[in-house]
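S.K.: Quick one: the structure is below, questions incoming.
Read the figures in this text as sums done on the coordinates, not as results from a lab. A quick note: this is a predicted structure, and the numbers were derived from the prediction, not measured. With ideal geometry, Cβ positions are generated from the backbone for all residues, glycine too; neighbour counts draw on all protein chains shown.
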Amino acid sequence: MKKSNKKDGFVHIGNVIDDVLSGYRGDIGGELARVWRAWDCAVGSVIAKNAQPAAFKGKLLLVYVSNSTWLHQLQFLKKEMLSKLNAALDKPMVEEIKFKIGSIEESRD
């Protein structure tokens with residue numbers, strides 16, 4: 001992974017994760033990177049600002065949310081989110097989403 005200077009602009013966190021994990025976990029890291037790349041379009045920008053994929057194991061996706069209000073609200077939207085995410089991935093990669101309050105990246109492009 002090469003360093004970038006401020007003139008290069010922002011790099012999507014999914015690309016960074018893909019680079020880092022490919023060296024350690026091979027295909028598993030690639031799957032998380034695929035989920036990251038599809039996430040914003042699948043769930044929409046408002047949700048994406050408050051909930052982001054954190055880990056992917058088997059068919060379980062761990063998603064960090066910004067606060068307990070979002071955690072509660074996303075429980076109601078879970079089935080719809082699963083459907084849209086798997087459609088964006090072109091295959092049923094995710095069967096379950098677990099929400100947990102955690103750190104959210106503020107700047108995503």
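S.K.: What is the fewest-to-most order of Leu60, Leu77, Leu85 by other Cβ atoms lying within 10 Å of their Cβ?
M.R.: Ordered from fewest to most neighbouring Cβ atoms within 10 Å, Leu60, Leu77, Leu85 come out as Leu60, Leu77, Leu85.
S.K.: Excluding Leu89 itself, calculate the net charge of residues whose Cβ lies under 11 Å from the Cβ of Leu89, where each Lys or Arg counts +1 and each Asp or Glu counts -1. Walk me through the numbers before you get to the answer.
M.R.: Working: positive: Arg34, Arg37, Lys84, Lys91; negative: Glu31, Asp90.
Counting the neighbours of Leu89, the net charge comes to +2.
S.K.: Give, as ranges by residue number, the residues of region 44-71 whose backbone N falls under 12 Å from the point 7 Å along Cα→Cβ of Glu80.
M.R.: Backbone N within reach: 44, 47.
S.K.: Work out the FRET efficiency for Glu96 and Ala48 from their Cβ-Cβ distance, taking R0 = 22 Å, and round it to the nearest 0.05.
M.R.: My answer for the efficiency is 0.70.
S.K.: Within 10 Å of each candidate Cβ there may be at most 12 other Cβ atoms; applying that plus a DSSP loop requirement, which GluC sites (Glu not before Pro) in region 63-109 survive?
M.R.: Glu95, Glu105, Glu106
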